[in-house]
Amino acid sequence: MKAAIVVFPGTNRERDMAIALRRVTGKAPVMLWHRDTELPDVDLVVLPGGFSYGDYLRCGAMAAHSPIMSEIRAYAQKGGHILGVCNGFQILTETGLLPGALLRNAGLRFLSQDCTLRVERNDTAFTHKWKKGDVFRTPMAHGDGNYTADTRTLEQLEGEGLVAFRYASATGQADETDTLTNPNGSMNSIAGILSQNTRICGMMPHPEDLVDPLMGGEDGLPLFTGLVEAIVR
Amino acid sequence: MKVRVTVMLKEGVLDPQGKAIGHALHTLGFPGVEAVRVGKIIDLDLKSTDAQAARAEAEKMASELLANLVIEDFTVEVLG
Amino acid sequence: MKVRVTVMLKEGVLDPQGKAIGHALHTLGFPGVEAVRVGKIIDLDLKSTDAQAARAEAEKMASELLANLVIEDFTVEVLG
Amino acid sequence: MKKTVDEALAQEFGLTSEEYARVIDIMGRTPSLTELGVFSVMWSEHCSYKSSRKWLRTLPTTAPWVIHGPGENAGVVDIGEGYAAIFKMESHNHPSFIEPYQGAATGVGGILRDVFTMGARPVANLNALRFGSPETPRTRQIIDGVVRGIGGYGNCVGVPTVGGEINFHPAYDGNPLVNAMTVGIARKDRIFLSAAAGIGNPVVYVGSRTGRDGIHGATMSSAEFDENALAKRPTVQVGDPFIEKLLIEACLELMATDAIVAIQDMGAAGLTSSSVEMAGKGGVGIDLNLDDVPQREPGMTAYEMMLSESQERMLMVLKPERTEVARKIFEKWELDFAIIGHLTDTGHIVVRHKGQVEADIPLDPLAEQAPIYDRPATRTAPPAPVADIHAPLSLEDMLLKLVASPDLASRSWVWNQYDSTVGGQTVRRPGAADAAIVKIEDTSLGLALTTDCTPRYCQADAKTGGAQAVAEAWRNITAVGARPLAVTDNLNFGNPEKPEIMGQFIAAIEGMGDACRELDFPVVSGNVSLYNETRQPDGSTMSILPTPAIGALGVLEDVNKAIGLAMQDNADIVLIGDT
Ligand SMILES: Nc1ncnc2c1ncn2[C@@H]1O[C@H](COP(=O)(O)OP(=O)(O)O)[C@@H](O)[C@H]1O
């Protein structure tokens, strides 16, 4: 699998992502600059976390207009795989590649803590290493992760099974109103969603920060090993 | 020309900031507050000297960048 | 009564958001933008039915909580 | 601003009559307003360390692993495998009282710049915080703003905040302490210093534009607070962490080339202190043309530009033939870049604006004749030994009381607002061990980091308290399995013109020095914050508790051997030392 990571001004988790990808592919991913106007021949494009443009105006809003994003739109059209984490997820919604929006956390505070996610389906490149209903731990670190969408969009997401991950308790119970398990107040406890062709995945928490026992565990690793297995040339 | 773009969350979209401010105002001793909505103002200084043109330009900026029409509405006002 | 409190950074205080937005608008193809300042709107629904009283109440809220007078100024407008 | 320069104005600027007389003597004439401004900030307590220098010199600062001790922007120690750790702690106490969010945020920004100025990528932030009684609404506001500010800035620049400490005491009601520490990593043969060299070399300004922020911040931070402080409210500096992030990346990219001769961040007293220090250290002169300084507001005067404390700015001396390489890098990162002067052989700093010479000051006397005081000190008698102790409560009630006390309660509400994992190298997050641990990418090394101080010990006996703070830091480092290497400090005290405060200060330094010598634990950087007191309504003043905060660093050769707090199953508990 050849992967590329896009760096915007203010991106700050590109190194974390590169470490996770290198761990599963054995090679360093290509780093792209937001002003690049060509996408190299890659199997996966990652939009990593951070504060592109300082999160000013709205998280991801200005990055969504970067020159590289028109290439990424075209790449999505061709069925390419895209992973957006945290700010990357926000950029994907701002671009319209994924539906909905991410509002300020319900408690209005930045949340840096571990959370547990429930895997909602396991027939995608991003989730197939887990079983449906599996629960795993991952760090989160964001101020605007409160997923929202209008009723129709929400019904469509749920109806078509496009929710990839939900915030849940360690035993797998999801409860939108429970601030312990759904700390940012997301609708339907949504932590990550998929595009209709399931090739684009956006999520708020950071599985890339939990891929090494030394840093506290490998709970996030299945996402990356799964991608390598699913995307073979 | 000075133009003011006002961006508010759409009716029906939950406003966590507004809710928190309402709560804080109550505990500060303002029981008369019934609802709070928070929005953004973006004041633009435009080179254009024509009000019509300035408004059109600002509307374009608002729909392309300044507002996210999935969750927000905007209004444009030419201040002169 | 509906009252709108508008909070803007004081003249001379750095506005990082405004700066970044101005920059983004330029690269998006709006070269006519000379300056951008960003502010906040807080719309209040007050129980009070008296415009004078509502304004006074909102002014008190603004100076106690809604604006940070060290770096921000506010204006209050009764919308009706 | 049309002001007549005279002794009264000098006093308003914080210079004493004798100091002003010395200025006239050096200049041989009445200084211009800009010149007076330069002298007043360079000779302020904050920049000149005039009350503390004599005592700071007594601290041990060397060891075989120390590459640069105090005197540079930050301390540098060899951590092995060709790497150096660069670290320092700095206070932003007064600004954090006036505007807690921006005060704390810009404090983090300032200490980050001190570290990446030297060529290091920042890998960890810590802090040491002191607040008044948590019951008072104003204190709650301050806590909320400070914690948000630290998080707001650190999270955005992508440097994990991995540790810190918080205490509460009414003595900090009107004067909270916000001490921020940054640790960075560089190749040990790629360290950048601030001494300017090369007559004719261009002086380059990069980063944000200059506005009218925080003029006279340096002199303000040396003046005690009174009721008017809130009313006066000097223009507060607002930080832009987004620009700081770009500045970090641009500077590190430029540092990978060979373009830089010298580099210095613009901290307190901005353009003045950075240009004076760079030229002074290099023994050269410097000519600045302020017309070329990137400006945020129209109509700024020379005085305002020289004293502005706008954030996110750096000054560099470049090799002339590499200037265009540098310009391209800063253009890529969309930052302002301007050549604003050059080095000269005159030994003077000459400042021009709109065709006028606004300042022309000989640098040697500005530095060498800076005031230095040996202030009178009286020692506080050590407390009488406690005769016999009887338990005021049952053991169980005592435990409950301790657990509920603000000084011991969980800090997770604080660290959960700080991104502690960004970078992917955090081995022990806040709460997981006695010291935080950060791995050094591409090596087997780990850094152990902690901040410590117990002000009530220092209040009772400043010497023992100073020693205790060092010892506690040392213990916290060793407790995770690391080898303690060096410390940075932030000495927060009251008004040094009061003999009893000066006595506390000297005693604390003696205690720290003794402990550092005993433990082979040199002080490689630090910061002094004096005049931390509040005028009370009755006219008396209240000082903070003496608070010599210690930030310490140790190294683990094999980070896989790091130890944490979590108890293993079936483990025995062993108590070491006398109780
Ligand atoms: N201001 C702070 N910022 C970040 N972490 C903090 C802060 N204050 C305390 N912590 C973390 O909380 C934990 C407990 O702090 P403290 O009670 O001071 O521990 P200790 O006495 O062992 O130093 C430590 O991991 C420390 O790093």
Item to check | Criterion violated by D:ARG121 - all others in (1) buried (at least 24 other Cβ atoms within 10 Å of the Cβ); (2) within 14 Å of chain A (Cβ to nearest Cβ) satisfied | outcome: (1)
Checklist entry - Only one of D:ASN527, D:ASN560 is under 23 Å from D:THR450 (Cα atoms), crowded, with 16+ Cβ neighbours inside 10 Å and at pLDDT 85 or above; which? => result D:ASN527
Checklist entry - Is it the case that some residue within segment A:28-35 is part of a loop (DSSP other than H, G, I, E, B) and free of Cβ contacts under 8 Å to residues at least 12 places away in the same chain? => result yes
Item to check | Only one of D:ALA370, D:ALA384 that is small (Gly, Ala, Ser) and touching a helix residue (DSSP H, G or I) at 6+ places or on another chain (Cβ under 6 Å) | outcome: D:ALA370
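Here is a yes/no grid of residues against (1) charged (D, E, K, R); (2) in a helix (DSSP H, G or I); (3) within 24 Å of A:ASP212 (Cβ to Cβ); (4) within 14 Å of chain D (Cβ to nearest Cβ):
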{"residue": "A:GLY60", "(1), (2), (3), (4)": "no, no, no, yes"}
{"residue": "A:GLU71", "(1), (2), (3), (4)": "yes, yes, no, no"}
{"residue": "A:GLY79", "(1), (2), (3), (4)": "no, no, no, no"}
{"residue": "A:ARG109", "(1), (2), (3), (4)": "yes, no, no, yes"}
{"residue": "A:TYR147", "(1), (2), (3), (4)": "no, no, no, no"}
Checklist entry - Can you tell me which residues in segment D:1-18 are in a helix (DSSP H, G or I) and surrounded by 19 or more Cβ atoms within 10 Å (Cβ to Cβ)? => result D:ALA10
Checklist entry - Going by the structure shown, is D:ASP388 free of Cβ contacts under 8 Å to residues at least 40 places away in the same chain, more than 14 Å from chain A (Cβ to nearest Cβ) and not aliphatic (A, V, I, L, M)? => result yes
Checklist entry - Residues in segment B:12-22 that are free of Cβ contacts under 8 Å to residues at least 12 places away in the same chain and surrounded by fewer than 20 Cβ atoms within 10 Å (Cβ to Cβ): how many? => result 3
Checklist entry - For A:VAL42, which of the numbered conditions (1) within 17 Å of D:GLU441 (Cβ to Cβ); (2) surrounded by fewer than 22 Cβ atoms within 10 Å (Cβ to Cβ) fails to hold? => result (1)
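Quick grid of which residues meet (1) over 13 Å from the mean Cα position of the chain (by Cα); (2) more than 8 Å from every other protein chain (Cβ to nearest Cβ):
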| position | (1), (2) |
| --- | --- |
| B:LYS10 | no, yes |
| B:ALA24 | yes, no |
| B:PHE30 | yes, no |
| B:VAL38 | no, no |
| B:ILE41 | no, no |
| B:ALA51 | yes, yes |
| B:ALA62 | no, yes |
| B:GLU72 | no, yes |
Checklist entry - If you go through segment D:420-430 one residue at a time, how many are under 24 Å from the mean Cα position of the chain (by Cα), in a loop (DSSP other than H, G, I, E, B) and at the interface with chain A (Cβ under 9 Å from one of its Cβ atoms)? => result 5
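Within the bounds of segment D:171-186, is there any residue that is β-branched (Val, Ile, Thr), more than 11 Å from chain A (Cβ to nearest Cβ), more than 16 Å from the ligand (Cβ to nearest atom) and buried (at least 24 other Cβ atoms within 10 Å of the Cβ)?
yes
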Checklist entry - Where in segment D:431-539 are there strands (runs of 3 or more DSSP E), lying wholly inside it, with at least 1 residues that are more than 16 Å from the ligand (Cβ to nearest atom), under 25 Å from D:ASP114 (Cα atoms) and touching a Pro at 6+ places or on another chain (Cβ under 7 Å)? => result D:483-492, D:523-529
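Which residues, counting only those in segment D:314-370, are of a type in the set (Gly, Ala, Ser) and either buried (at least 17 other Cβ atoms within 10 Å of the Cβ) or closer than 21 Å to D:LEU290 by Cβ (or both)?
Once the filter is applied, which keeps residues that are of a type in the set (Gly, Ala, Ser) and either buried (at least 17 other Cβ atoms within 10 Å of the Cβ) or closer than 21 Å to D:LEU290 by Cβ (or both), segment D:314-370 yields D:ALA326, D:ALA338, D:GLY341, D:GLY347, D:GLY355, D:ALA359, D:ALA370.
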Checklist outcome for this item: Cβ pairs under 8 Å, 6+ apart or interchain, first in segment B:58-80 and closer than 15 Å to A:GLN90 by Cα, second surrounded by 18 or more Cβ atoms within 10 Å (Cβ to Cβ) and of a type in the set (D, E, K, R), ordered by first then second residue, are B:ASN68/A:ARG58; B:ASN68/A:GLU94
Next on the checklist: Name the single residue that is surrounded by the most Cβ atoms within 10 Å (Cβ to Cβ) among those in segment D:140-165 being more than 15 Å from the ligand (Cβ to nearest atom) and in a helix (DSSP H, G or I).
Outcome noted: D:VAL157
Item to check | Boolean, D:ALA436 is within 21 Å of D:ALA471 (Cα to Cα), surrounded by 13 or more Cβ atoms within 10 Å (Cβ to Cβ) and at pLDDT below 90 | outcome: no
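Select from segment D:99-139 the residues that are among the β-branched types (Val, Ile, Thr), more than 13 Å from the chain's Cα centre (by Cα) and more than 16 Å from the ligand (Cβ to nearest atom) and list them in ascending order.
D:THR117, D:THR136
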Next on the checklist: I'm trying to understand the selection: among the residues of segment D:295-319, which are in a loop (DSSP other than H, G, I, E, B) and either under 22 Å from the mean Cα position of the chain (by Cα) or under 21 Å from D:SER194 (Cβ atoms) (or both)?
Outcome noted: D:SER308, D:GLU309, D:SER310, D:GLN311, D:GLU312, D:LYS319
Checklist entry - Is segment D:395-408 home to any residue that is within 13 Å of the ligand (Cβ to nearest atom) and either within 14 Å of chain A (Cβ to nearest Cβ) or of a type in the set (Phe, Trp, Tyr) (or both)? => result no
Checklist outcome for this item: Expected output for segment D:415-428 (first residue more than 14 Å from A:MET215 (Cα to Cα), partner assigned to a loop (DSSP other than H, G, I, E, B) and within 11 Å of the ligand (Cβ to nearest atom), Cβ below 7 Å, 6+ apart or cross-chain) is D:TRP415/D:PRO430; D:TRP415/D:GLY431; D:ASP419/D:PRO160
Checklist entry - Any idea which of (1) touching a residue at least 60 places away in the same chain (Cβ under 8 Å); (2) touching a helix residue (DSSP H, G or I) at 6+ places or on another chain (Cβ under 9 Å); (3) small (Gly, Ala, Ser) is the one D:GLY355 doesn't satisfy? => result (1)
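The values are calculated or read from the model by the stated rules, or taken from the named source; none is laboratory data. Just so you know, these numbers come straight off a predicted model, no measurement behind them. When we count neighbours, we look across all protein chains shown, and the Cβ atoms used for this are built from the backbone with ideal geometry, even at glycine.
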